[in-house]
């Protein structure tokens, strides 16, 4: 039994990119699908393919590398953890867009989005992770 599936997702992506793998397979869930969708929209991963399974399914994430064969994702950090949830209100989210490199993935009442989208909509939420 896994206690933090989002941390597992981020760890699998970090390890695969350091090992220069083309793709990594991750057990599927709705939140993981949304996190990977955001990474794909921001050009941090190449593609996402859903593979059928007799259980919940598998998400195959194709990683992205630059011309020097270095991973595009330099860092992935889990912010909110099951033992200590991290929330930010709308004002704090707006402050992050000016004094932070990379992007933050936020789970809001209107869905999972980046800190830039949350600041534009004027909403806060749970900080899932930081990517740069």
Looking at the range 114-124 only, could you name the residues that are surrounded by fewer than 22 Cβ atoms within 10 Å (Cβ to Cβ), under 15 Å from the mean Cα position of the chain (by Cα) and in contact (Cβ under 8 Å) with a residue 12 or more places away in the chain? 114, 116
Scanning the range 41-64 for residues that are outside any loop (DSSP other than H, G, I, E, B) and more than 17 Å from the chain's Cα centre (by Cα) gives 51
Those residues of the range 52-64 which are surrounded by fewer than 18 Cβ atoms within 10 Å (Cβ to Cβ) and modelled with pLDDT of 95 or more, in sequence order: 58, 60, 62, 64
Positions within the range 79-113 being outside any helix (DSSP H, G or I), touching a helix residue (DSSP H, G or I) at 6+ places or on another chain (Cβ under 6 Å) and over 21 Å from residue 8 (Cβ atoms), in sequence order: 97, 108
Examine the range 86-108 for a residue that is within 12 Å of the chain's Cα centre (by Cα) and without any contact (Cβ under 8 Å) to a residue 24 or more places away in the chain, and state whether such a residue exists. yes
Residue under question is residue 13, and the condition is that it be under 18 Å from residue 103 (Cβ atoms) and in contact (Cβ under 8 Å) with a residue 24 or more places away in the chain; does it hold? yes
Does residue 69 satisfy being in contact (Cβ under 8 Å) with a residue 24 or more places away in the chain, farther than 18 Å from residue 124 by Cβ and more than 19 Å from the chain's Cα centre (by Cα)? yes
Qualifying position, being assigned to a loop (DSSP other than H, G, I, E, B) and surrounded by 14 or more Cβ atoms within 10 Å (Cβ to Cβ), among 36, 6, 73, 13: 73
Unmet requirement for residue 45, which otherwise passes all of (1) farther than 14 Å from residue 132 by Cα; (2) surrounded by 13 or more Cβ atoms within 10 Å (Cβ to Cβ): (1)
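The values are calculated or read from the model by the stated rules, or taken from the named source; none is laboratory data. What you see is a predicted model; the values in this text were computed from it and never measured. Cβ coordinates were reconstructed from backbone atoms using ideal geometry, including for glycine residues, and neighbour counts include every protein chain displayed.
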